[in-house]
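Before any comments, here is the structure.
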Amino acid sequence: MTDTTEKAARPKEAAPAARPARAPRRLRLRRGLTPWLFLAAPLVLLITFTYAPVANMVAYSFTDWDGVSPELSYTGAENYVELFTRPELFEVFFVSGYYLAASVIQIVAALYFATVLSFNVRFRNFFKGILFFPYLINGVAIGFVFLYFFQDGGTLDSVLSLFGVHSDRAWLGTPVSANVSLAGVSVWRYMGLNFVLFLGAIQSIPGELYEAAELDGANRWHQFRYIIAPGIRPVLSLTVILSISGSLSAFEVPFIMTGGATGTETFVIQTVKLAFQFNKTGLASAAAVVLLLIILAVTWVQRRLVPDDKVDLV
């Protein structure tokens, strides 16, 4: 009786779960190849129009090719030696200082407007469109528009005359005023990009944090300092990298407006002139490689100084 009771009380052992059947080999192979099939076209385009030209540029930098002749000869590191033994080729980097200063103003202004328009402000969508619209305009068109804006007796002089300021100075006639004017154009054009990046980062912050901060008596400045600023740190790091690289490689606007005259020649304009005006494609390729290495080095230093750590606001 006891054995019978124990057998009745003992729970039945669960039957082993059936092992899921493995998918057929052909199906597994198809699943493994499907992502690569989708990536094939972008990878081909990326290699064809990005990495292959960069490889050719590096190869040309060790030659004396003029960009036209079918023949070229290997010269070793002579182009790089010429670059680093001619200080005037690197003096154009002083012009990038104007654009670096303008980048600081651009980032601060974009962050200010993104913070203000992230809150409930009247006509905020209208102002968002106004701030982002310049970034959508073609750079060549912007260059021609501001060329007429800064010319003698142009739009700027007409606006200043309405306020009783009569100026007969040539805004693009001296190195300082020309570079300041061109840097101001870059601020107007690229602030919209930084504004959108900051706005997206701010809007990704959970709204509960703002509500909790308001319950604790935090004002707008406290919300920006302790919630917004830490929350957008990765995006801020990205905008700094983009601003530095853009300042070192400024080309479109100064090339259209001044062609590099009156002390506004940037390193990229100088490189283009070496290749297409003086037919020194090998030397121009070496200059482009040096610029690429400088940008990579600046980016690496910036990432080391300000690591992109994960931000946890909760």
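The values are calculated or read from the model by the stated rules, or taken from the named source; none is laboratory data. These numbers were taken from a predicted model, which means no experiment stands behind them. A quick note on method: Cβ atoms are made from the backbone with ideal geometry, for glycine too, and the neighbour counts reach across all protein chains shown. The area values use the complete protein model at the heavy-atom level, side chains included, leaving out ligands, DNA and RNA. Shrake-Rupley method; radii C 1.70, N 1.55, O 1.52, S 1.80 Å.
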Filter the stretch 128-169 for residues that are aromatic (Phe, Trp, Tyr) and open to solvent by less than 90 Å² (accessible area, probe 1.4 Å); the one that is farthest from Ile256 (Cα to Cα) is Phe132
inquiry  = Among the residues in the stretch 287-307, are any over 15 Å from the mean Cα position of the chain (by Cα), closer than 21 Å to Ile142 by Cβ and not basic (Lys, Arg)?
reply    = no
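Here is a yes/no grid of residues against (1) assigned to a helix (DSSP H, G or I); (2) under 18 Å from Leu293 (Cβ atoms); (3) modelled with pLDDT of 90 or more:
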residue: Leu43; (1), (2), (3): yes, no, yes
residue: Ala52; (1), (2), (3): yes, no, yes
residue: Ala55; (1), (2), (3): yes, yes, yes
residue: Ala59; (1), (2), (3): yes, yes, yes
residue: Gly67; (1), (2), (3): no, no, no
residue: Leu72; (1), (2), (3): no, no, no
Consider Ala18 carefully, then state whether it is at pLDDT below 90, open to solvent by less than 100 Å² (accessible area, probe 1.4 Å), in a loop (DSSP other than H, G, I, E, B) and more than 30 Å from Ser285 (Cβ to Cβ). yes
A careful count of residues in the stretch 170-180 that are of a type in the set (A, V, I, L, M) and open to solvent by less than 70 Å² (accessible area, probe 1.4 Å) gives 3
Here the qualifying pairs (Cβ atoms under 8 Å; residues six or more apart or on different chains; first in the stretch 56-83 and closer than 13 Å to Ala287 by Cβ; second in a loop (DSSP other than H, G, I, E, B) and at pLDDT 90 or above) come out as Asn79/Ser61; Asn79/Phe62; Tyr80/Ser61
Query raised in the report: Does Ile227 meet the test of being at pLDDT below 90 and over 18 Å from Ser103 (Cα atoms)?
Result: yes
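Quick one: which helices (runs of 4 or more DSSP H) sit completely within the stretch 204-314 and have at least 2 residues that are more than 30 Å from Ser73 (Cβ to Cβ)? Break it down into steps so the answer makes sense when it comes.
Values: elements: 207-215, 220-223, 233-248, 252-257, 267-276, 281-305.
Because the criterion is at least 2 residues that are more than 30 Å from Ser73 (Cβ to Cβ), the helices (runs of 4 or more DSSP H) in the stretch 204-314 that meet it are 207-215, 220-223, 233-248, 252-257, 281-305.
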Listed by first then second residue, the pairs whose first member lies in the stretch 230-252 and is among the hydroxyl-bearing types (Ser, Thr, Tyr), whose partner is outside any helix (DSSP H, G or I) and surrounded by fewer than 18 Cβ atoms within 10 Å (Cβ to Cβ), with beta carbons under 6 Å and at least 6 positions apart or on separate chains, are Ser237/Val306; Ser237/Asp308
Contact list, first residue from the stretch 203-224 and in contact (Cβ under 8 Å) with a residue 24 or more places away in the chain, second anywhere and outside any helix (DSSP H, G or I) and exposed (fewer than 14 other Cβ atoms within 10 Å of the Cβ), beta-carbon distance below 8 Å, six or more apart or interchain, is Ile205/Leu313; Pro206/Leu313; Pro206/Val314; Leu209/Leu313; Leu209/Val314; Arg220/Phe119
